[in-house]
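Below is one structure; the comments refer to it alone.
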Amino acid sequence: MTEVIARRGFRGLSNEEAIEAIHGELDALWDDASFVPDMDRMTFTTAVIEAAANIVQHALPVAEKPVEIGVDISVRPSRLQARVSAYNAREPFAEDMQPNMPDEDAESGRGLALIEALVTTVTFERQDGTNTWILTRET
Amino acid sequence: MLMQFSYEVKDSYAEVKSVGRLNMVAAPKLRELVAEVVAGGSSRVVVNLAETDFMDSSGLGALIGCLKAARQAGGDLRISGVQPQVKMVLELTNMDRVLTAYSSAEEAFGND
């Protein structure tokens, strides 16, 4: 495993403020890792925000504790990786996991298809009430 | 704090200016504003995205909803000043064929 050059993270309640805070962390990450080309920054930022927005819009709590969102983003010489997690969350509904692009007049449902188009690999893990999307882009 | 959305009614269209990130937080506000513009009698709408450096699928969904609202009222919705990230999202979702991009708000309804 090659060296991590820059890393940023966030954890907090799953809400609109979290989306803005995560976007702020991404901006700060690109300041720390100025060698990452604009195209990679743009695509990866879009993918991470889509994944985070998917959690804020769709994740439901497993019990009384509210859903929290966590993001851990790392930059290696030729790889960008983000772990985007929903804590205290139920398993996602299959209908929220559709990777196909919907009809052109649809007003939602493009998030996952967009993520798949933006990154090299997307994997999903579920463990102990935590759903994690791992987004990787080889640069 | 800077107003994220504002509008101005011109001779043949209304121009809605969007500033900053058009994400899931901003998307409902854009829908609300365009609905107000259309209800006010301006169904030809240009959304000026020259100062929008980021749009996600929620923002795109709002633009599609606004386009439908404008067309239902007998008008249309066009976009102008599209920046690289927004252009990328439109192309990857194949919505660049539906949401026509013009270089400026004046040009968007310039020929009809």
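Only the coordinates and a few stated rules stand behind these numbers; no lab work does. The shown structure was predicted, so the numbers you read here are calculated from the model rather than taken from an experiment. Cβ coordinates were reconstructed from backbone atoms using ideal geometry, including for glycine residues, and neighbour counts include every protein chain displayed.
Computed values, structure above
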read-out: Extreme residue, farthest from the other protein chains (Cβ to nearest Cβ), among residues of the range A:5-60 that are touching a helix residue (DSSP H, G or I) at 6+ places or on another chain (Cβ under 7 Å) and of a type in the set (S, T, N, Q); value: A:S14
read-out: Yes/no for B:S18 being within 12 Å of the chain's Cα centre (by Cα), more than 10 Å from every other protein chain (Cβ to nearest Cβ), surrounded by 23 or more Cβ atoms within 10 Å (Cβ to Cβ) and polar (S, T, N, Q); value: yes
read-out: Failed item, numbered, when A:R7 is tested on (1) free of Cβ contacts under 8 Å to residues at least 40 places away in the same chain; (2) over 23 Å from A:V67 (Cα atoms); value: (1)
read-out: Residue in the range A:57-69 that is without any contact (Cβ under 8 Å) to a residue 24 or more places away in the chain and not in a helix (DSSP H, G or I) present; value: yes
read-out: Search result, residues across the range A:61-72 that are touching a helix residue (DSSP H, G or I) at 6+ places or on another chain (Cβ under 6 Å) and away from chain B (no Cβ under 14 Å); value: A:V71
read-out: Residues being in contact with an Asp or Glu (Cβ under 9 Å, 6 or more places away or on another chain) and under 21 Å from B:A73 (Cα atoms) - total across the range B:14-30; value: 5
read-out: Qualifying position, being closer than 22 Å to A:L60 by Cα and in contact (Cβ under 8 Å) with a residue 40 or more places away in the chain, among A:L118, A:L112; value: A:L112
